[in-house]
1. Taking the Cα centre as origin and putting +1 on Lys and Arg beta-carbons and -1 on Asp and Glu beta-carbons, what dipole magnitude results for the chain, to the nearest 20 debye?
2. Compute and list, largest first, the equivalent-ellipsoid semi-axes of the chain from the alpha carbon gyration tensor, each √(5λ) rounded to a whole angstrom.
3. Only Cα pairs under 8 Å and at least 6 apart count here; give the relative contact order of the chain as a rounded whole percent.
4. Would you mind getting the accessible area per residue of region 2-174, heavy atoms of the protein chains only, 1.4 Å probe, in Å²?
5. How large is the accessible surface per residue of region 187-291, computed with a 1.4 Å probe and reported in Å² as a whole number?
6. Relative to the first principal axis of the alpha-carbon coordinates of the chain, what is the inclination of helix 201-216, with its axis defined by its Cα atoms, in degrees from 0 to 90 and to the nearest 10?
7. Please tell me the relative contact order of region 125-273 in percent, rounded to the nearest whole number, where contacts are Cα pairs under 8 Å and at least six residues apart.
8. Order the peptides 123-134, 207-218, 155-166 from the highest to the lowest mean number of other Cβ atoms within 10 Å of their residues.
Amino acid sequence: MRVVRTVKQLREALEYMRMGGHTPIGFVPTMGYLHEGHASLLRRAGEMSSTVVMSIFVNPLQFGPNEDFASYPRDEARDLELAEREGADIVFIPGVEEMYPEPTRTTVSVSSLTTQLCGASRPGHFDGVTTVVNKLFNMVQPDYAFFGLKDAQQVAVLRRMVSDLNMNVEIVACPIVREDDGLALSSRNVYLSAEERSQALVLSRSLREVRQAMEEGTVSTADEARELIISVISASPLAVIDYVEVLTFPGLEPLAAGSRLNSAGGEIIIALAVKFGKTRLIDNNVFTPKEVHALV
Ligand code: AMP
């Protein structure tokens, strides 16, 4: 495994792999503090590619002024061990100076898909994501790029960016990896106190309960799904709901008022963001209503 810190070194390492015929190239962008969710992306990348590139970069552009850029957890030595174990060939770890030698005057912005859900709570966040991912794609020029459905809106936004701008890369969406008790893995879980960690289980529990209610036929509209989720989460005294939304996926359009979940045709996302103290957690379930027996 090669660790590179400049764009020049990265391009040289990639050139070497391409010359040796080690293509296709799979790319896993991350902000580090790696966990089993990132590991699952590396494994998927390894199945589909001959060269696996991972980047570790905490991107200041995607953090708001009152967010956790400075305190975001970092542990490079541990990250490199995990990357090596999970088969990364090249790890790109640029500093902020390398990525942004001067303030960027060019921004990539996807409209409409970025104004709801996390985009509403975190103005400018997705412009930071699309701009840095675009830069990283230009540096790596991967055939495939792997992203987790934990950040389902990010997947929807990046797919649209790639399609709108005819980028020559395929976005591969990978399933959410959870702890045994259901909590979706996140680098930010380390911020949680023991009590917050235990109450945070309401996110995944509410998604399971709504899924079960749909199977049993007691929930069949978006409003009913939202109400059930809100009632489950509200039972946790430390939980402060940011949003609970039921939208089409990947279009992220609301469903017509009162309409049944299966009326939209394609996939649906039930997405939530909940704060515990200073920590904001997200979770979601993307599903096809036609596959839920009682909804058909
Ligand atoms: P991050 O380092 O948090 O920016 O995440 C890097 C990539 O890992 C993104 O594509 C995330 O969606 C993905 N990821 C983070 N947590 C998980 C998880 N629990 N399951 C699957 N993918 C994840």
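The values are calculated or read from the model by the stated rules, or taken from the named source; none is laboratory data. From a predicted model like this one, the values you see are computed outputs, not experimental measurements. Here Cβ is always computed from backbone atoms with ideal geometry, including for glycine, and neighbour counts include all displayed protein chains. The area values use the complete protein model at the heavy-atom level, side chains included, leaving out ligands, DNA and RNA. Shrake-Rupley method; radii C 1.70, N 1.55, O 1.52, S 1.80 Å.
1. Working: 28 positive and 38 negative charges, 76 e Å.
Computed charge dipole of the chain: roughly 360 debye.
2. On the way: eigenvalues 229, 89, 69 Å².
Taking √(5λ) for each Cα gyration eigenvalue gives 34, 21, 19 Å.
3. On the way: 517 pairs, mean separation 47.8, N = 296.
Computed over the chain, the figure is 16 percent.
4. Values: 8070 Å² over 173 residues.
Roughly 47 Å² per residue, with all protein chains present.
5. Working: 4770 Å² over 105 residues.
Per residue, region 187-291 has 45 Å² of solvent-accessible surface.
6. 60 degrees
7. Numbers: 161 pairs, mean separation 24.5, N = 149.
The value is 16 percent.
8. Working: 123-134: 20.5, 207-218: 15.8, 155-166: 17.9.
Sorting 123-134, 207-218, 155-166 by mean packing, highest first, produces 123-134, 155-166, 207-218.
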